[in-house]
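Notes follow the structure.
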Amino acid sequence: MNEENLKKATLAGGCFWCTEAVFQRLNGVEKVISGFTGGNIKNPAYREIITGRTGHAEAIQITFNPNKITFGELLLVFFATHDPTTLNRQQNDVGTQYRSAIFFHDEEQEKIAKQTIEAIEEENAFDNPIVTEVTEASAFYTAEQEHQDFYNQHRQQPYCQYIIDPKITKLKQNFSDKLKQSENHGI
């Protein structure tokens, strides 16, 4: 498939190490980049983001093949692998930089995001209302190299074992049909 037929999705669901690890494993996802978006300064550094003062969210930018996985399917995985009901928090990560957000790239993505949230709310899938922000994509800044492919490079770190491993296990249990062939074994 040629590059111009690929689409982009930008999602924030807490720490980008977690979301990156989940989405890298999906069939149809060509590339996942960890970075920052939704803030008010240009070219922020990680050390600035973690203060919560820049307004950016830790996010991932996904390049995907819509013939293999749809934006709606990406969102179902997104909602199943983080808590979209906690404002500015995912587990022990607290602050606006860890908010749940969908940064849409066109009107179709905005429509699908809002419909997906509405459908999940109607199913009463969560005990509390979804607080995921749905906002237009803005400048996306790639995080420093040490944040890219973090989980795959540092699986033995306690954060990876206690926070990310359970997300990967949940992904494999609930979305095994969406995984790349190489992901159907082990964690």
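The residues on offer are Ala125, Ala143, Ala137, and the sole one that is surrounded by 14 or more Cβ atoms within 10 Å (Cβ to Cβ) and modelled with pLDDT under 95 is Ala143. If you go through segment 105-152 and pick out every residue that is outside any helix (DSSP H, G or I) and among the charged types (D, E, K, R), you end up with 7. For segment 1-33, give me each residue that is of a type outside the set (D, E, K, R), under 15 Å from the mean Cα position of the chain (by Cα) and more than 23 Å from Glu110 (Cβ to Cβ). Across segment 1-33, the qualifying residues are Cys15, Trp17, Cys18, Ala21, Gln24. Kindly evaluate Thr63 against the criterion of being under 22 Å from Thr169 (Cβ atoms) and out of contact with any helix residue (DSSP H, G or I) (no Cβ under 7 Å at 6 or more places or on another chain). Answer is no for this residue. The residues listed here are Ile117, Ile102; of these, the one that is farther than 16 Å from Gly35 by Cβ, hydrophobic (A, V, I, L, M, F, W, C) and either out of contact with any Gly (no Cβ under 6 Å at 6 or more places or on another chain) or crowded, with 17+ Cβ neighbours inside 10 Å (or both) is Ile117.
The rows are residues; the columns are (1) surrounded by fewer than 21 Cβ atoms within 10 Å (Cβ to Cβ); (2) in a helix (DSSP H, G or I); (3) touching an Asp or Glu at 6+ places or on another chain (Cβ under 6 Å).
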{"residue": "Leu11", "(1), (2), (3)": "no, no, no"}
{"residue": "Cys18", "(1), (2), (3)": "no, yes, no"}
{"residue": "Ala21", "(1), (2), (3)": "no, yes, no"}
{"residue": "Lys31", "(1), (2), (3)": "yes, no, no"}
{"residue": "Ile41", "(1), (2), (3)": "yes, no, no"}
{"residue": "Thr51", "(1), (2), (3)": "yes, no, no"}
{"residue": "Gly55", "(1), (2), (3)": "yes, no, no"}
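Among the residues of segment 104-123, just one is out of contact with any helix residue (DSSP H, G or I) (no Cβ under 9 Å at 6 or more places or on another chain) and hydrophobic (A, V, I, L, M, F, W, C), namely Ala119.
Selection of segment 167-180 for residues being surrounded by fewer than 14 Cβ atoms within 10 Å (Cβ to Cβ) and part of a helix (DSSP H, G or I) yields Thr169, Gln173, Asn174, Ser176, Asp177. Anything in segment 146-168 that is of a type in the set (Ser, Thr, Tyr) and at pLDDT 95 or above? List them, or say none. Result: Tyr151, single match. On the given criteria, is Gly13 touching a helix residue (DSSP H, G or I) at 6+ places or on another chain (Cβ under 8 Å) and of a type outside the set (Asp, Glu)? It is true that Gly13 is touching a helix residue (DSSP H, G or I) at 6+ places or on another chain (Cβ under 8 Å) and of a type outside the set (Asp, Glu). Cβ-Cβ contacts under 7 Å between residues 6 or more apart (or on different chains), taken from a first residue in segment 23-51 that is at pLDDT below 95 to a second residue that is surrounded by fewer than 21 Cβ atoms within 10 Å (Cβ to Cβ) and part of a helix (DSSP H, G or I), are listed as Tyr46/His147.
The values are calculated or read from the model by the stated rules, or taken from the named source; none is laboratory data. Owing to the predicted nature of the structure, the values given are computational and were not obtained by experimental measurement. With ideal geometry, Cβ positions are generated from the backbone for all residues, glycine too; neighbour counts draw on all protein chains shown.
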